[in-house]
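The values are calculated or read from the model by the stated rules, or taken from the named source; none is laboratory data. All figures in this text were calculated on a predicted structure; none of them were measured in a lab. Virtual Cβ from ideal backbone geometry, glycine too; neighbours counted across all protein chains shown. For the accessible areas, the whole protein counts, side chains as well, though only heavy atoms, and no ligand, DNA or RNA atoms are used. Shrake-Rupley method; radii C 1.70, N 1.55, O 1.52, S 1.80 Å.
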Amino acid sequence: MSGADPARPAPSRLVLPRLGFGAAQLGNLYRETTDEEAASAVTAAFEAGTTYFDTAPHYGIGTSERRLGALLQQHAREDFVLSTKVGRLLHPGPGTGDDMANAFAVPDDFIREWDFSETGVRRSHAESLQRLGLDRVDILFAHDPEEGPTEQAFAEGLPTLAAMREEGTVRAVGVGSKDAAVLTRAVRTGLIDLVMLSGRYTLIEQESSRELLEACIEHQVGIVAVSVFNSGLLARHEVPDDATYEYGAAPAHVLQRARALARIAERHGVTLPDLAVQFPLRHPMVDSVVLGMRTGTHVRSNAQRMQQPIPAAAWDEIDQLEPLDVRP
């Protein structure tokens, strides 16, 4: 598998940096992110050339969009690429508790409602712009259609996104999901420019996305790879016994493969996370790897991983491994 150009233009002519900034942590994913941490992260991103930012209404029920938008307003609009998502509308909530049931440490001042209708998609976009305080986003993704009204997403949501692109409202449209089959179906509609693929094309897991990758080549649809650490499994060079995969305990054979990959990394003077962040970019349709980052330290660390030279011999060893069935 040959190395990809660092910034392959998607069909929309958008050029994305190799490393993108995932802003779920700015929505207080799992725990509170301070304003100082958020500001340091965005500043470090620009300093590192990480100028693609991804957010969503879902992240902290609007918190991520508001916080990220306020920080991006300090920069010239032409200096960054921004994506957000549609599919979940926000409505006033009870305001009596928190949103930790959805993994966000924010007050439950809002609730989510699935809506992939034309009206819902356009309303979601307009409300995102209000929260961001910006006049436009570059990319709109339909968010997790497999978890909501899937058929409405395909019958109404995707055609609406394509129409908005043709109207000039956004530059590119796509679908974000951890379900490779849903993404493959979306690619084959011919309506989208990009997919945001979560966890299905990583250093540890590739087989589940094989059909999707072939469809992306056929239709010239770009890929934004996310969750490349597979829920933390590949985030540290030393893989602990209690490492997680898919938000649960990693099966023994998956732990074994992760440790084998770490040994390959060691033989070639790099680390397991170095391999993990760069692996997806070896595919010619992968435009960017987006990592969730909470602080400036996280950004600088990930930027260093992305820039670490990986010997070709390391990739050769990895390519010779038997495909892994990641199922328990």
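To put it simply, the accessible area of the range 214-258 at a 1.4 Å probe is 50 percent carbon and sulfur. Dimensions of the range 244-328 based on its C-alpha atoms, expressed as ranges along the principal axes with the largest first, amount to 35, 32, 27 Å. Note that the range 234-286 presents 43 Å² accessible area per residue, ligands and nucleic acids not counted, probe 1.4 Å. Residue by residue, the range 51-59 carries 3J(HN,Hα) couplings of 10, 10, 10, 10, 9, 5, x, 4, 6 Hz when phi is fed to the Karplus relation 6.51 cos²θ - 1.76 cosθ + 1.60 (θ = phi - 60°); x denotes Gly or Pro.
Here the translational diffusion coefficient of the range 69-147 follows from Stokes-Einstein with Rh set to the Kirkwood radius across Cα pairs; for 20 °C and 1.002 mPa s it amounts to 154 µm²/s. Net length available on complete extension from residue 231 to residue 135 is 31.2 nm, with 0.36 nm assigned per residue and the Cα-Cα distance removed.
Distance distribution note for the range 135-247: the fraction of Cα pairs above 20 angstrom is 44%. Accessible surface computed residue by residue for the range 105-170, with neighbouring protein chains in place and a 1.4 Å probe, gives 43 Å² per residue.
Between 309, 273, 284, the residue with the greatest mean-square fluctuation in the GNM of the chain (Cα pairs under 10 Å linked by springs) is 309.
Shown in residue order for the range 192-208 are the 3J(HN,Hα) couplings computed by the Karplus curve 6.51 cos²θ - 1.76 cosθ + 1.60 at θ = phi - 60°: 10, 9, 9, 10, 9, 9, 9, x, 9, 9, 9, 4, 8, 9, 9, 4, 5 Hz (x for Gly and Pro). Take the Cα of residue 30, go 7 Å toward its beta carbon, and the backbone nitrogen atoms of the range 252-271 under 19 Å from that spot belong to 255. For residue 123 and residue 43, what is the calculated FRET efficiency with R₀ set at 45 Å and r taken between the beta-carbons, to the nearest 0.05? About 0.90, to the nearest 0.05. For residue 86, the residues 5 or more places off, or on other chains, whose built amide H falls under 5 Å of its own are 141, 142, 143.
In the range 112-163, the ratio of gyration radius to Kirkwood radius, Rg to Rh, stands at 0.97 when only Cα atoms are counted. Note on the chain: Cα Rg divided by 2.2 N^0.38 Å, N the number of residues, gives 0.95.
Rg and Dmax of the range 1-160, based on Cα coordinates, read 16.1, 53 Å.
Taken as Cα centroids, the range 244-300 and the range 44-104 sit 24 Å apart, rounded to the nearest whole angstrom.
Overall, the accessible surface of the range 1-155 at a probe of 1.4 angstrom is composed of carbon and sulfur to the extent of 50 percent.
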